[in-house]
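What follows is calculated from the coordinates using simple rules that are stated; it is not laboratory data. Given the structure is predicted, the values throughout are model-derived calculations rather than measurements. In this analysis, Cβ positions are derived from the backbone assuming ideal geometry, glycine residues included, and neighbour counts consider all displayed protein chains.
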Amino acid sequence: MLPLIIYLILFIGFFSHSEKLSTHPGVLLWLEFSGPVLFVMSFLLPMLIVFIGYSVNSVEHKADTWKSLFSLPIPKWSVYSAKYVYALFLVFLCLALFVLFILGFGNLLSVLKPSFKFNQYHMESTLAKVYLKLFLSSLGILSIQFLLSLLFRDFLKPMGIGFVATIAGVILANINWDYAYLFPYSHPILTVKNVLPRNMGDGGGMPQITVDLFTKDIFVSLSVAITVFILGYFIVLKKSVK
Amino acid sequence: MVISTEGLSFNFGNQQVVKSLSLQVPEGSIYGFLGPNGAGKTTTIKLLLNLLKTDSGSIHIFDKELQSNRIEILSQIGSLIEQPAIYLHLSGKENLMNRALLLEVSEQRVDEMLKLVHLTDAANKKAGKYSLGMKQRLGIALALLPDPKLLILDEPTNGLDPNGIIEIRELLIKLVTKHQKTVFISSHLLAEVERMATHVGIIDKGELLFQGSIKDLEGISQPQVQVEVADTVDAGNFLKKQGFTVTDISEFHLCIPFNSKEQIGEINTLLNKNGYVVYSIHKIHKDLEKLFLDITQKA
């Protein structure tokens, strides 16, 4: 499926990219290795979710199977939540694979090129935490995009709305607007921003990486996710299947 | 009654698509739901499957209210709506297996269904590469998969060749006579429905114009005999004098309504004996459009 291609491209990208990495000490090396990806992820993640939300629903739109799904003796709730959980799973899988690949390739590189000092520092748990936070921060967007894709048959509407909202989110987060944490599409970038600068800005010393998992933007993200999810169910319940 | 609706209405925006429909579908019947395109057939079927919300009126299926017993009722219905809903990226068998998984039906049943609709050979072919008729048959297999008591089929013979149509017809008749199923089938072809239906409902512009057994319908659409004779005008006048009503006289043939086979023989004998050469003689049924006109004018 779609995510697989992204990983493959990243695979290759990582490999050639990491060749250029100098002989930094372990911590910085890991940061340089995962940092750019993390940075890109903050923009990419909302778009990835747009795609996932779309692909989960478009299967039914394309095959025109909503009508047959909803005329089966299965509660509408099950159909709706199963779809959602699957989308959730895809996002989680995607992020989990990112963690695995970063770690795997980091270690592979240190084996292939002993000059890299990847093995001097271990950031497995930190990385997992960052990505877990990214996952949580993306849930608000997922709920919104999932519902949009469910309601609109075409790709352009959810895609367009998602795209505009993502750009707005990036801008809001970057101008450090005080209320950016209220806007779901800002959450991934806020997450990354909160992790990275603190570490990089520490100067020459060994950066301390702390991940505060439950910040207020995460709470907003979770509550948006739950609200939209429940709201979506009632929309599906009322909606006529054409 | 397997299906009974009362005052069923539905609007798309300002347009009323279904007007106060009262359907009565008895158990063990093949109910032909007839109407021209855009008459509200598919909308009605979607209402019956709870895919659309009724604006007013009630639907009872198996004597139970649809809204509050949705799952229970749907578990006994197999349906095919418009073009069959098939995942084109999966093979025919995968489509059925997917549904079987959702409905907790065995793989054996899937194979049986494939055999029933003659898709065993194409079971592992992508459904996207199926012909229209094959897709339609796969759709019917999907509808039959859970072995439902009530089958709701929306134009199931659309896109099938004559052989396919006959097969489906025979299958449906078998299901009803041997397995005590009830079939609700929509169509815009009177001839098709006439050949298998036991009951008929006719809908036009959202209104139910006629409902009853196929015999009742035959009463309305009185069959006629079309006679090809040499001199149609003279022959027509002659028959009128003999007490027959002649409904249509054209350059080549006459149309005379009849009540029994004997009457046709009588017409033939009369014409021949009196020197009118009969080239051909055959029964015709009024087509659906004329029937609609008849029914609407009577109402």
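Could you grab the relative contact order for the stretch B:38-183? Cα pairs under 8 Å, six or more apart, rounded to a whole percent. Value for the stretch B:38-183: 27 percent.
For a protection proxy built on the mean count of beta-carbon atoms within 10 angstrom, sort B:39-45, A:38-44 highest first, please.
On the way: B:39-45: 23.7, A:38-44: 18.0.
Result, highest mean Cβ count within 10 Å first: B:39-45, A:38-44.
Relative to the longest principal axis of the Cα atoms of chain B, the long axis of helix B:261-273 makes an angle of roughly 30 degrees. Split chain B at each of the GluC sites (Glu not before Pro) in a DSSP loop with at most 11 other beta carbon atoms within 10 Å, and the longest piece is B:105-250. Using the Cβ of residue B:161 as centre and a radius below 14 Å, the other residues enclosed give a net charge of +1, where K and R count +1 and D and E count -1. Loop-resident trypsin sites (Lys or Arg not before Pro) (DSSP state other than H, G, I, E or B) in the stretch B:102-147 with no more than 14 further Cβ atoms inside 10 Å of their Cβ: B:125. Within the same chain, lysines fewer than 8 places from residue A:239 are excluded, and of the rest, those with a Cα less than 26 Å from its Cα are A:62, A:67, A:76, A:83, A:157, B:19, B:41, B:46, B:53, B:64, B:205.
Annotation: the residues B:278, B:229, sorted from fewest to most other C-beta atoms within 10 Å of their own C-beta, follow the order B:278, B:229.
What's the angle, to the nearest 10 degrees (0 to 90), between helix B:92-103's Cα axis and the longest principal axis of chain B? Result, in degrees: 70.
Using Cα atoms only, what is the angle between the long axis of helix B:232-241 and the major principal axis of chain B, expressed in degrees (0 to 90) to the nearest 10? The answer is roughly 80 degrees.
Can you pull out the trypsin sites (Lys or Arg not before Pro) in the stretch B:200-291 that DSSP calls coil and that have at most 16 other Cβ atoms within 10 Å? Don't jump to the answer; show the numbers that get you there.
Working: sites: B:205, B:215, B:240, B:241, B:261, B:273, B:283, B:286, B:290; in loops: B:205, B:286.
Here the sparse-neighbourhood loop sites are B:205.
Assuming R0 = 22 Å, what is the FRET efficiency of residue B:104 and residue B:69, from their Cβ-Cβ distance, to the nearest 0.05? Present the calculation step by step, with values, prior to reporting the outcome.
Values: r = 20 Å, r/R0 = 0.90.
FRET efficiency, residue B:104 to residue B:69: 0.65.
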